[in-house]
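The structure appears below as C-alpha cells.
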Amino acid sequence: ISQIEDPRIAGIVKPCEALLHEDRADTAFAAFLLPHLILQLVMEGQPGKCHQIREEILAVLNSVVSDGSSGSTDTAAAPRQLHGEASRAGAEKPVAELDAASLSAQTVFSVIDFFYGWTRHHLNQLKAGAEASDASYRRACDFLAG
C-alpha cells in the first residue's frame, strides 16, 4: 500500500492498511486487495516495481516447485483449490489445511487470473469504441477525484 504513488488511489487504500497488520490480519481481505494493488503498481509503470513484483512471483512459484515434499503443491491445481473445485485426481484439502507454500502459490495464481480478467475486460472496452472507453475512464477518474 505504501508503494502506491497515485494520491487518489493511495487515499482510498491507505485506510485499509490497518486491516492487514500481522497481529490482526484479515487474510481474506488481503487476498482480495492484493491483485488490485499489484495492478495499480504495474499501471504506474515504474520498471523497478514491475521487476520486483515479477521476481517475487517467480520466487513463490520456484519455492513451490522445489518443495515437492508437500502433497498439495500441484501448481496446476492451485486455481481449482482456491475456488473450491475438485482436481482431476479427486478432492483437494480445504484451504485451511494447505501449507503456506500452497497458499502463496494460490495467491500468485489468483493475481495472474485477475490480470487476465482485467486485460480481457479492458480489451473488450477498447473494441467497443474509444469514446465508450474514454467515457468510462472519465467517470472513474471523476469518482476518484471526489
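Tabulated values for the structure
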{"item": "When residues of the range 17-38 are limited to those that are of a type in the set (A, V, I, L, M, F, W, C) and surrounded by 15 or more Cβ atoms within 10 Å (Cβ to Cβ), the one nearest to Thr119 (Cα to Cα)", "result": "Ile38"}
{"item": "Check on Ser104, modelled with pLDDT under 85, more than 15 Å from Ile1 (Cβ to Cβ) and either of a type outside the set (Phe, Trp, Tyr) or not in a helix (DSSP H, G or I) (or both)", "result": "no"}
{"item": "Residue match in the range 90-99 (condition: modelled with pLDDT under 85, under 26 Å from Ile1 (Cα atoms) and of a type in the set (Asp, Glu))", "result": "yes"}
{"item": "Filter result for Leu19 (out of contact with any strand residue (DSSP E or B) (no Cβ under 7 Å at 6 or more places or on another chain), aliphatic (A, V, I, L, M), at pLDDT below 85 and assigned to a helix (DSSP H, G or I))", "result": "yes"}
{"item": "Cross-chain or 6+ apart pairs with Cβ under 9 Å, the range 107-125 first and over 21 Å from Ile53 (Cα atoms), then among the aliphatic types (A, V, I, L, M) and assigned to a helix (DSSP H, G or I)", "result": "Gln125/Ala132"}
{"item": "Cβ-Cβ under 8 Å pairs, at least 6 apart or on other chains, the range 1-30 side farther than 23 Å from Glu44 by Cβ, far side surrounded by 12 or more Cβ atoms within 10 Å (Cβ to Cβ)", "result": "Ala25/Leu19; Asp26/Leu19; Asp26/Leu20"}
{"item": "Number of positions in the range 39-57 that are part of a loop (DSSP other than H, G, I, E, B) and either surrounded by 12 or more Cβ atoms within 10 Å (Cβ to Cβ) or modelled with pLDDT of 85 or more (or both)", "result": "2"}
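The values are calculated or read from the model by the stated rules, or taken from the named source; none is laboratory data. This one's a predicted model, so the numbers in the text were calculated from it and none came from an experiment. Using ideal geometry, Cβ is built from the backbone for each residue, glycine included, and neighbour counts are taken over all protein chains shown.
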